[in-house]
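> Could you have a look at this structure, given as structure tokens, before my questions?
Please treat every number below as a calculation from the coordinates, not as lab data. Remember, predicted model here, so these are calculated numbers, not experimental data. Cβ atoms come from the backbone with ideal geometry, glycine included; neighbour counts cover every protein chain shown.
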Amino acid sequence: MVPFLALQAYGIAVDAACPGKKASEFCRTAFHDAAGYQTYTETPGHNFSLNAMFDKIDFVKYEELLIPGRRAPENLATNEIVLDCVRKFSDAGKPIASVCHGQIIWQLQAA
């Protein structure tokens, strides 16, 4: 969510899409807090509004890919369409950025 909003603040056109969801639907965000415990707790965050449909995107038209982090890669890593999308960006030599555990998807597409 932060990279999306930061890029928009600089006037860069950004699309947010999620497999299986439509534009105007939401992805639930979460934040983690150790709060004095030995392990962290996951607390519901904002509802992040999507503005594009994943299965309607022409990935050739995009200049860069940002893979989300946190728990999202656990689900995205098993989606062959997502892995194929990352593979296409990699093969085209386009920049791929990842947050937190998002690098797992980038590594899986190369396997």
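> Quick check on the exposure proxy: order HIS46, HIS101 from fewest to most C-beta atoms within 10 angstrom. List each step's numbers first, then the result.
Numbers: HIS46 12, HIS101 17.
Lowest count first: HIS46, HIS101.
> Kindly express, to the nearest 10 degrees and within the range 0 to 90, the angle between helix 80-91's C-alpha long axis and the longest C-alpha principal axis of the chain.
Approximately 60 degrees, to the nearest ten.
> What does DSSP give for the chain in terms of the percent of beta bridges that are antiparallel, rounded to the nearest 5? Intermediate results must be reported in sequence, preceding the final value.
Values: 7 of 10 bridges.
If we restrict to bridges inside the chain, about 70 percent are antiparallel.
> Would you compute the Debye intensity of the stretch 2-110 from its alpha-carbon atoms alone, equal scatterers and no solvent, and pass along log10 I(q)/I(0) at q = 0.13, 0.17, 0.24 Å⁻¹ to two decimals?
Rounded to two decimals, the profile gives -0.52, -0.88, -1.58.
> Also, I was wondering about something else. In deg cm²/dmol and to the nearest 500, what is the mean residue ellipticity at 222 nm of the chain if only DSSP H runs of at least 4 residues count, each as -39500 (n - 2.57), divided by the residue total?
Numbers: 4 runs with 33 residues, N = 111.
Result for the chain: -8000 deg cm²/dmol, rounded to the nearest 500.
> Compare PRO19, PRO73, PRO44 in a GNM of the chain, Cα atoms joined below 10 Å, and give the one with the largest fluctuation.
In this elastic network of the chain, the residue with the biggest mean-square fluctuation among PRO19, PRO73, PRO44 is PRO44.
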